[in-house]
Every structure is written in structure tokens, then in C-alpha cells.
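Notes to accompany the following structure.
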Amino acid sequence: MDNAQKAIMIGVGLFITIIIIAAVMLITGMGQDMLVEGQQQVSNISQSLQAQLTADFDESTVTGAQVITAIKRYYKDETMALIVDNGTGISSYGKVNPTNYTAGNNYTGYTDVEATTENNPVGVGKLSDAADSSTYVPSTAQFNAHLIKIKNSDNVIGLYFERK
């Protein structure tokens with residue numbers, strides 16, 4: 001009888017261990033699902049916020065001062081491409097190389113731009129250097145602003161400024 005009791009206790013202990021392991025695996029699986037869903041929601045919110053912040057530049061006319069401010073705002077953003085055509089030269093700013101993207105709405109002329117690489121962006125300080133005509137942005141000049149979007153998507157990943 002003593003051996004029978006030991007066998008029953010071992011069986012019950014094994015059964016309880018299996019139940020605990022199954023519960024932990026179930027909770028872990030639910031947590032991973034919640035984590036993936038949360039990451040997707042954060043991504044959607046981020047894209048929506050980016051669209052709201054860049055809506056002012058959607059096919060509008062801005063001054064050179066606004067161009068400089070926008071570049072200084074987004075220069076270190078790892079998700080934004082910034083291109084300025086000041087009439088005498090085209091410069092790329094920031095960390096994104098925009099050659100794989102297309103501009104928003106009906107504007108696609110930027111695709112001929114020779115963009116700088118991620119490792120060699122133009123310095124923001126050159127925007128106000130009147131001695132460098134290829135990068136200088138006069139604060140009173142008028143620019144057409146365009147959004148750069150990922151192909152076949154509404155995700156804004158850059159701004160293109162073209163001097164009038």
C-alpha cells in the first residue's frame with residue numbers, strides 16, 4: 001500500500017506540473033500576441049502623427065525660413081528624407097536616401113535627384129551660407145513644398161522643396 005500511495009503522489013505531482021507548464025505557455029502566448037498588437041498600434045499612431053505634422057507641406061507654397069525650420073526639425077529624424085532644390089543646386093539632408101521613393105500627389109520630378117548617401121548628408125549650417133550658392137536657402141524666397149511618400153502607400157517619409 002505504501003508503494004501505491006507513492007505512485008499516486010508522483011502521478012498527481014506530475015499532473016500538477018504539466019498543468020502549470022501549460023498555463024505558463026498559454027500566458028506567454030497571450031502576452032506575445034498583445035505585444036505584437038501593441039507594436040502595430042504604435043506604428044499606426046506614429047504614421048498618423050507624421051502625416052499630421054507634415055500636412056502643412058502638402059503641395060503648398062512656403063518661404064525659405066519655413067524650409068530652414070522644417071529641415072532643422074527633421075534633420076536628425078531617421079525616417080525622413082529632406083531634399084531642397086534652391087534653383088542653383090539640389091541638396092539632400094538627413095539620414096534617409098530618398099532614391100527609392102516617390103513624391104506625393106502628382107509630383108514625381110524629384111526622382112532625377114542625385115541624393116547624397118546616408119553617411120554624407122549636407123550640413124544644415126550650409127542652408128544659411130550665402131557664399132555656397134548650391135545649398136543656400138534665402139529666407140524670403142518662395143518654395144513649392146511636396147511630400148515624399150513610399151511607393152503605393154500614404155506613409156510620408158520626406159519633404160521636397162522646390163524654389164519657384
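Select from segment 117-140 the residues that are hydrophobic (A, V, I, L, M, F, W, C) and under 17 Å from residue 93 (Cβ atoms) and write down the one among them that is modelled with the lowest pLDDT.
From segment 117-140, those hydrophobic (A, V, I, L, M, F, W, C) are 122, 124, 127, 130-131, 137; that's our starting set.
From what's left, under 17 Å from residue 93 (Cβ atoms): 122, 124, 127, 137.
Values: 122: 58, 124: 68, 127: 74, 137: 84.
Among those residues, the one meeting the criterion is 122.
Got at least one residue in segment 46-58 being at pLDDT 80 or above, in contact with a Leu (Cβ under 9 Å, 6 or more places away or on another chain) and either part of a helix (DSSP H, G or I) or surrounded by fewer than 12 Cβ atoms within 10 Å (Cβ to Cβ) (or both)? There is at least one residue in segment 46-58 that is at pLDDT 80 or above, in contact with a Leu (Cβ under 9 Å, 6 or more places away or on another chain) and either part of a helix (DSSP H, G or I) or surrounded by fewer than 12 Cβ atoms within 10 Å (Cβ to Cβ) (or both).
Looking at segment 70-86, can you tell me whether even one residue there is surrounded by fewer than 13 Cβ atoms within 10 Å (Cβ to Cβ) and either in contact with a Gly (Cβ under 6 Å, 6 or more places away or on another chain) or of a type outside the set (D, E, K, R) (or both)? For segment 70-86, residues surrounded by fewer than 13 Cβ atoms within 10 Å (Cβ to Cβ) and either in contact with a Gly (Cβ under 6 Å, 6 or more places away or on another chain) or of a type outside the set (D, E, K, R) (or both): absent.
The values are calculated or read from the model by the stated rules, or taken from the named source; none is laboratory data. None of these values were measured; they are calculated from a predicted model. All Cβ positions, glycine included, derive from the backbone under ideal geometry; neighbour counts span all protein chains shown.
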